[in-house]
Amino acid sequence: MRWAAAALAAISIWAFQAKTPESPIHFQPVQLDFFLDNDESEKRRAPETMAGGVAAFDYDGDGDLDLFFCNGADLASLEKKGPKHWNRLYSNDGRGRFTDVTEKAGLQGTGYDTGAAVGDYDNDGDLDLFVAGVHRNTLYRNNGDGTFTDVTAQAGLPPARLPQYGPLWAVSAVWTDVNQDGRLDLFIVNYLLWEEKTEPVCPYEGRNEYCHPKYYKELPNQLFLNNGGGTFRDISESSGILAQRGKGMGAGVADYDLDGRPDIFVSNDKLFNFFFHNLGGGKFEEKAFDIGVALAEHGNMISGMGVDFRDLDNDGYPDIVLVALDNETFPVFLNTGKGAFREVTAQTGMTALSRSMAGYSPVLADFDNDGWKDLLVSRGHVQSPLMEPRVSVNQHNTVFRNLGKGRWQVLTEEAGLAALPAARHRGSAVGDFNGDGRLDFAVSALNGRASLWINDSPGAARWIAFRLRGARSPRDGQGARVKVVSRSMTQYNHVAFTAGYASASAAPLHFGLGNDDSADLVEIVWPSGARQELRGLKPGRIYDITEPDSRQP
């Protein structure tokens, strides 16, 4: 990338009222109480500009999506100095109104936390939480009673340090079952080697600015295999993951070649991207160059931020979208279905549309329920506010509407996303927070309040969603592939809670149906290999589906 208060009972402060929207995708903003304290100072320490992970997940099992926000700390000590630095958990009443339950849940945190990953690692039916941070990571087990317990040491996860490198700074993480044993494993995305005592100084016009990543050493990522019984073992070296050093910012997981094993894409900051192809047996091969995703089409290394890894063109093969800074574009890689990717950034118009933008968190989701996944991008620059006269530091978020023919329609002001002041937005999470069948999103902002954007798009397009429960596969359904066939189209998605930048969206798997009045066929391929078919499902509801006990022919 290029660099140069006390707990509140209710999260909603105020909402804007607007005229009936004319844009096909439109949102109403609600300002939230959560304030992201990144401990910003004139020293311009690297973690200050990288905070802000968000997670949407049903922590209490009541069927509503709740919100978790990562927060910063005192960077000199890497300790939270009271409530202003607490991470925050907010409980949803089902109508998009939230109450702070952080203290009751025990999720205040202890260090400078960057990213959140959600998954039911112990298969007990409750979603657990992994929090990635600067020199410290934390695994919280969901106790099923509205509280969480820090089980990091008990689970066998080592301190965030490698002898040959020193302290590790993790930005994000991925839960996925890499060996198809029905248990979620943990992939940790490490950024760069940072310590305050060795922070480089990068002066600009008589003041400090954030330094380019080239001034910091790269780090490897890590992979921990789930043993069952609540413990993990480190297979980073034996798997081949540890051999690749980068500056990871985002990660996406999908079975790109449909061989039944999840693969992992990592976006690196001003370095080549990584693509870890799952060979089975706990082994991975890095092959980003071989399959065409190491670099953008212009051949320059970009500020790879967040990523999403989902089927964009409804051909059954997951594609990759990542975002970067202004003049670097937002690369779009289409899966050819033949073991490689083809970049279509310029061809689809994304080069021209994104050239002036700085993006952090991209999420692919169908916001207008027309059956095509749109692209939401949280926007904001890495540079400090003092650079605003030279570059656009504070920016509005943008949704790129998928027109279904390899083209995008960019919507910012039109979508209502300029109703709040521009900001340095970071993490984002997507889900239906008020239960009206339209996908909303929450987003954090550096040194500012988070916001919730309620989808009030016009039209009466139909939708259907699925909450999957594994039997021999992971209990939370992660890794399952779903195909939905309706009268006018066929579309695909898979259950993966990681998305965007340092964030997680653990919502039911949502499909827009347009004007179609049923899902004529729903096919599910579970990570265990089991196959399931459902027919004639009516729209407008969430279906709870359990994996069959035996393998289907």
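To the nearest 20 Debye, how big is the dipole of the chain about its Cα centre, given +1 on the beta carbon of each Lys and Arg and -1 on that of each Asp and Glu?
In debye, rounded to 20, the chain gives about 780.
Accessible surface of Asp126 in the full protein assembly, 1.4 angstrom probe, to the nearest 10 Å²?
Here the accessible area works out near 40 Å².
Arg233 label point, 7 Å along Cα→Cβ, cut-off 19 Å on backbone N: hits in the stretch 115-146?
Of the residues in the stretch 115-146, 122 have backbone N under 19 Å from the label point off Arg233.
Let me have the relative contact order for the stretch 470-553, percent, based on Cα pairs under 8 Å that are six or more residues apart.
In percent, rounded to a whole number, it is 31.
Which entry is the computed Kirkwood radius over Cα pairs in Å for this structure: (i) 24.4; (ii) 28.3; (iii) 22.9?
Label of the calculated value: (iii).
Gap in Å between the Cα centre of the stretch 54-104 and the Cα centre of the stretch 493-524?
When both Cα centres are located, 24 Å separates them.
Past 21 Å, Cα to Cα, is the threshold; run Lys287/Lys338; Lys43/Lys80; Lys84/Lys214 against it and keep the listed order.
Over 21 Å Cα-Cα: Lys84/Lys214.
Test of understanding: what is the full-extension gain from Gln164 to Ser77, defined as 0.36 nm times their sequence separation minus their Cα-Cα distance?
Additional length available on full extension: 29.0 nm.
With a 1.4 Å probe and every protein chain left in place, work out the accessible area per residue of the chain in Å², rounded to a whole number.
Normalised by residue count, the accessible surface of the chain is 35 Å².
Can you tell me how much longer the chain between Asp62 and Asp124 gets when fully stretched, taken as 0.36 nm per residue apart minus their C-alpha distance, in nm with one decimal?
Fully extending the segment from Asp62 to Asp124 adds 20.8 nm.
At a 4.7 angstrom Cβ threshold, list every cysteine in the chain that has nobody to pair with, or say none.
Isolated Cys, the chain: Cys70.
Indicate the gyration tensor shape class of the stretch 418-545 (rounded, prolate or oblate), computed on the Cα atoms with a ≥ b ≥ c the square roots of the eigenvalues: a/c under 1.5 is rounded; otherwise a/b larger than b/c is prolate and the rest oblate.
Oblate is the answer for the stretch 418-545, as a/c is 1.5 or above yet b/c matches or exceeds a/b.
Taking a 1.4 Å probe, which of Met301, Met387 shows the most accessible area, and what order do the others take after it?
These residues rank, largest area first, as Met301, Met387.
Using R₀ = 30 Å, calculate the FRET efficiency as 1/(1 + (r/R₀)^6) where r is the Cβ-Cβ separation of Arg541 and Asp315; round to 0.05.
Taking R0 as 30 Å, the efficiency between Arg541 and Asp315 is 0.65.
If you take every DSSP beta bridge whose two residues both sit in the chain, what share of them, in percent to the nearest 5, is antiparallel?
Around 95 percent of the beta bridges assigned by DSSP in the chain are antiparallel ones.
Using 0.36 nm per residue of separation minus the Cα-Cα distance, give me the extension gain between Asn515 and Thr490 in nm, one decimal.
Length gained between Asn515 and Thr490: 7.7 nm.
For Arg531 and Tyr204, what does the FRET efficiency come to when R0 = 56 Å and r is the distance between their Cβ atoms, rounded to the nearest 0.05?
Calculated transfer efficiency: 0.45.
Please enumerate, by chain and number, the lysines with C-alpha under 21 Å from the C-alpha of Lys538, excluding those fewer than 8 residues away in the same chain.
Lys373, Lys483
Whole angstrom only: what separates the Cα centroid of the stretch 427-471 from the Cα centroid of the stretch 331-391?
Cα centroid to Cα centroid, the span is 19 Å.
For Arg472, Arg426, Arg401, what's the largest-to-smallest order of accessible area, 1.4 Å probe?
Solvent-accessible surface, decreasing: Arg472, Arg401, Arg426.
Give the accessible area for Thr490 in Å² (nearest 10); use a 1.4 Å probe, count only protein heavy atoms, and leave out ligands, DNA and RNA.
We get 50 Å² for Thr490.
When the accessible area of the chain is computed with all protein chains present and a 1.4 Å probe, what percentage of it is carbon and sulfur?
Exposed carbon and sulfur together represent 48 percent of the surface.
The values are calculated or read from the model by the stated rules, or taken from the named source; none is laboratory data. Values in this document were obtained by computation on a predicted structure and should not be read as measured data. Every residue, glycine as well, gets a Cβ built from its backbone with ideal geometry; the counts of neighbours run over all protein chains shown. Surface accessibility is based on the protein's heavy atoms, side chains included, excluding ligands, DNA and RNA. Shrake-Rupley method; radii C 1.70, N 1.55, O 1.52, S 1.80 Å.
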